[in-house]
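The structure appears right after this line, and notes come after that.
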Amino acid sequence: MEFDARDPSHEVDGVPFHTLSRIRTEQPICPSPKGGWYLSTRRHIDTALKEVETFVADLAPMAGLSGTEVVPAEELFLSEIPEPRHGRIRRLYNSNFAPHRLRNTEEFVTRTCHRLLDPMLDAGEGDLHAGYAMPIPSATLADLMGLPPEAGEKFMGWSFDGTLMQRPGTPGIKPTGPAILDYFRDALAGRRASAAAGEEQPHDVIVGLMNAEIDGVPLSDTEIVTQLQFMVMAGVHTTRALLVHLAHRLLRDRELFERVSADRDLVSPLVEESLRHDAPVQATTRRCTHDVALDGVEMHAGEWVEVGIGSANRDETVYDDPDAFRLDRDDPRDHLGFGGGPHICPGATLARIEASCAVNVLCDRVAEMSVVAGATYPPLPGGMSHLPIPAKLTAK
Ligand code: HEM
């Protein structure tokens, strides 16, 4: 059996879940038409995500590259940096997005959610995608970076214009790379000038990276702006997708909205079940560093391996009734929505804060939500699409 996860003929609900279920049972490691392999079960995916010496993270397919391009070390995005440096740079991400650094984030996100809902509630209707889910992650990341609100608008624009994966040297763009890099270069130069003038420095992500050292050596400006770009790339679309999925589900399932509104202890299981059932990142990629046999399947050095996170999250050997959306799972966080192993998402706490604030504010402010008659709604999980989620809204 050959499997192409992007072939629309396999799709049910925007994702080929029925085909994936068959693949998990009949041929859990199956060839992909692009020449590599597709991993579909939780067991195989846990192995691939943990064994980074054999299955190395490589973003080339996501960026439309062949994998043979030589990228200077300073311009590698976090996931592509070889160990042990990957682990050291990761510690900087972890400390920037650790719960104690996000103490004020809940308040910022809550305020942002209220600001976005105000005009929609006044009008009695609005688009829960463009008007609510979409601006929250970019505004939050801009705030954590200590940048003005316009930065959030810019991040949102760049996350849709196809330039976010580009780097200096990408064919067809200017030699200094995409506009987001220029923006971060200017922001960093401003911080350096203010530090040199002896001004007090804020505790934000940019200053955190500026003051960081690895083995006594500070990061170069190129390394800092590259990682800032990667934070936007990794954190904006993904969190937007989670928020879209949550808003969409609460809109379409009145009983669920009423239950969660009445019992806020259900917000956390709701967010986790969304990450499992409708994983915002349905698949990621790895490349074999050497020949290896996985469960008897021979894979060769250089071959791509597509890691089906969304499929692992529906694995029938792990979850009862895997296609059902349930808030009573024994261990709601037992899913691969944020990946696993050494590359597990360092932004998970931030994403969870944004998601729970977005749901709580909807529940606090909205008495009733209903679909707009005649409107078509994207299938779930469809968070990577740009489609509107129009809603009729009655304020409490
Ligand atoms: C709902 C929101 C999010 C989801 C579903 C998500 C999902 C993921 C997944 C599945 C991975 C692992 C990819 C792999 O192994 O190839 C990952 C890695 C990563 N995520 Fe997230 N993410 C989210 C939000 C964020 C946020 C808010 C940030 C930061 C601002 C972030 C930054 C990163 C980074 C830097 C990595 C790479 C880590 C490494 O390679 O060591 N993510 N994310």
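The values are calculated or read from the model by the stated rules, or taken from the named source; none is laboratory data. Since the structure is predicted, the reported quantities are computational estimates derived from the model, not experimental observations. Counting neighbours? That spans all protein chains shown, and the Cβs are built from the backbone with ideal geometry, glycine included. SASA here: full protein model, heavy atoms, side chains in, ligands and nucleic acids out. Shrake-Rupley method; radii C 1.70, N 1.55, O 1.52, S 1.80 Å.
Could you sort 34, 392 by accessible area so the largest value comes first, with the probe set to 1.4 Å? Working shown, then result.
Values: 34 120, 392 90 Å².
Correct descending sequence by accessible area is 34, 392.
Classification of the stretch 8-395 by its C-alpha gyration tensor yields an oblate form. The axis ratio a/c (a ≥ b ≥ c) is 1.5 or more, and b/c is at least a/b.
Dipole of the chain computed with +1 at Lys/Arg Cβ and -1 at Asp/Glu Cβ about the Cα centre; of 367, 172, 27, farthest Cα towards the positive end is 367.
What residue among 119, 381, 280 shows peak mean-square fluctuation when the chain is described by a Gaussian network model with Cα springs under 10 Å? Greatest mean-square fluctuation among the candidates belongs to 119.
The stretch 232-250 to the stretch 348-396: how many Å between their Cα centroids? Each part's Cα centre sits 10 Å from the other's. Note on the chain: with charges restricted to the Cβ of Lys and Arg (+1) and Asp and Glu (-1), its dipole about the Cα centre is near 540 debye.
Between 87, 124, 172, the Gaussian network model of the chain with springs among Cα atoms under 10 angstrom shows the greatest mean-square fluctuation at 172.
Short-range pairs are left out: with C-alpha atoms under 8 Å and at least six residues apart, the relative contact order of the chain is 26 percent.
For residue 373, neighbours were defined as the other residues whose beta-carbon sits under 12 Å from its Cβ, and their charges (Lys and Arg +1, Asp and Glu -1) total 0.
Spin-label model, residue 300/residue 326: points 7 Å from Cα along the beta carbon direction are separated by 4.4 nm. Run the numbers on the stretch 239-396 and let me know its relative contact order in percent, using alpha-carbon pairs under 8 Å that are six or more apart. Relative contact order of the stretch 239-396: 30 percent.
When peptides 327-336, 189-198, 153-162 are ranked by their average number of other Cβ atoms within 10 Å per residue, the highest-first order is 153-162, 327-336, 189-198. The separation of the stretch 43-93 from the stretch 153-222, counted between C-alpha centres, amounts to 20 Å. Restricting the GluC sites (Glu not before Pro) of the stretch 31-94 to loop positions (DSSP other than H, G, I, E, B) with no more than 10 neighbouring Cβ atoms within 10 Å leaves 53. Loop-located GluC sites (Glu not before Pro) in the stretch 165-217 (DSSP state not H, G, I, E or B) with no more than 10 neighbouring Cβ atoms inside 10 Å: 199, 200.
By the scheme Lys and Arg +1, Asp and Glu -1, what is the net charge of all other residues having a beta-carbon under 13 Å from that of residue 267? Numbers along the way, then the final one.
Details: positive: 249, 259, 264, 352; negative: 106, 263, 265, 272, 273, 354, 364.
With Lys, Arg at +1 and Asp, Glu at -1, the net is -3.
Taking N as the number of residues in the stretch 154-281, what is its alpha-carbon radius of gyration divided by 2.2 N^0.38 Å?
On the way: Rg = 19.8 Å, N = 128, 2.2 N^0.38 = 13.9 Å.
Output field value: 1.43.
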